[in-house]
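Below is one structure, written out as structure tokens; the observations come after it.
The values are calculated or read from the model by the stated rules, or taken from the named source; none is laboratory data. Source: prediction; values computed, not measured. All Cβ positions, glycine included, derive from the backbone under ideal geometry; neighbour counts span all protein chains shown. Quick note on the areas: whole protein, heavy atoms, side chains included, nothing else; ligands and nucleic acids left out. Shrake-Rupley method; radii C 1.70, N 1.55, O 1.52, S 1.80 Å.
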Amino acid sequence: MAMDIPSKLNILGHDYTVDLTNDLLCTETMGVHCKDKSKIVVCADISESQQASTLLHEIIEAINSMQEIGLEHQQICQIEAGLFQVMKNNNLNFGT
């Protein structure tokens, strides 16, 4: 799934910035959801499909946090993997 990582997202009515980075963050994780800064960070030094998968993961993290769903990290990983596979293998693009 080739994807342009947007620089901004609106998640549940909140404007988020999305940063691609090669900083030290990438040695520990491929992405981070920063609720207090309304920011998602994705490692730039990974493949395009990993960037897309990571962005989807961090969007789910944001929704989980804002909606106080209480999903554990492993559950978010499993949901993201399932959604990503369906979207990629079926060429789903919900853009207009």
Inset, instruction - Ignoring everything but the protein chains, give the 1.4 Å probe accessible area of I79 in square angstrom, nearest 10. - result: 70
Legend entry - the chain - percent relative contact order, Cα under 8 Å, separation 6 or more: 24
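Can you sort M66, M30 by 1.4 Å-probe accessible area, starting with the largest?
Values: M66 45, M30 80 Å².
If we order M66, M30 from most to least accessible, we get M30, M66.
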Inset, instruction - With label points built 7 Å along Cα→Cβ from the Cα atoms of S38 and S7, find their separation and express it in nm. - result: 1.7
